[in-house]
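Worksheet: the structure to be examined is printed underneath.
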Amino acid sequence: MPVDDARLDPVWKKAGELKIPVLIHTADPKPFWSPMDENNERWLELATHPRRKKTDTDPAPWDTLIAEQHRLFKKHPRTTFIAAHFGWYPNDLGKLSQLLDEMPNVVVEFGAVIAELGRQPRMANGFLPNTRTGSYLAKTAGYLLNMQLISVCWKQKMNIFPTTKSIMHFGLCMVWGYRIIF
């Protein structure tokens, strides 16, 4: 059943009336739908966890799932939605910022994708303090310490430096870290 199915409307409406935020997890990382080849940054994760591989028919195309989610958010403007994992746009904070501007009832959390911010540290540095998300972060997937560190860093004067150490548990890419300068 699509998340924007009319049969679910009473649930989303009641959550809004009761001011209960709804954490919603629609889809998975977009590369799970891509061919499993040398161009797929999630190939290692998919090779070690083959059940995570998706197709356009299992369960549906990624773009379809995300479109359903966005229609849901717009259909219920009085309900606060928390889009899991940066709404699956951790690699495109410009697009995510645009979506958050269009849907003021939506915030995001970054459990399990926090390392994605390290791939674009300058954009991330400007993104969190300038969005509602910066003050509304869920702490999931056991990354509490790392999330606290990043929250502190964004509140302090920072210097950006490259590091290969990260909490990234998928893929094989350089991740950037933060250092606080007092």
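The values are calculated or read from the model by the stated rules, or taken from the named source; none is laboratory data. All of these numbers come straight from a predicted model, not from anything done at the bench. FYI the Cβ positions are ideal-geometry reconstructions off the backbone, even for glycines, and counts take in every protein chain you see. Ligands, DNA and RNA are stripped out before the accessible areas are found, and what is left, the full protein with its side chains, is counted by its heavy atoms. Shrake-Rupley method; radii C 1.70, N 1.55, O 1.52, S 1.80 Å.
Okay, here's what the table says:
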read-out	value
Cα gyration tensor shape of the stretch 74-115, rounded if a/c is under 1.5, else prolate or oblate by comparing a/b with b/c	oblate
Solvent-accessible area, 1.4 Å probe, carbon plus sulfur percent, for the stretch 77-119	46 percent
Extension gain from ARG7 to MET123, taking 0.36 nm per residue of separation minus the Cα-Cα distance	37.9 nm
The stretch 18-74-the stretch 92-109 distance, computed between alpha-carbon centres (Å)	18 Å
DSSP-loop trypsin sites (Lys or Arg not before Pro) across the stretch 61-120, with at most 16 other Cβ within 10 angstrom	ARG78
Computed lengthening from ASP58 to GLU38, 0.36 nm per intervening residue step minus Cα-Cα distance	5.0 nm
√(5λ) per eigenvalue of the Cα gyration tensor, the stretch 39-125, largest first, Å	24, 19, 10
Virtual spin-label span in nm between GLU102 and ILE20, 7 Å along Cα→Cβ	2.9 nm
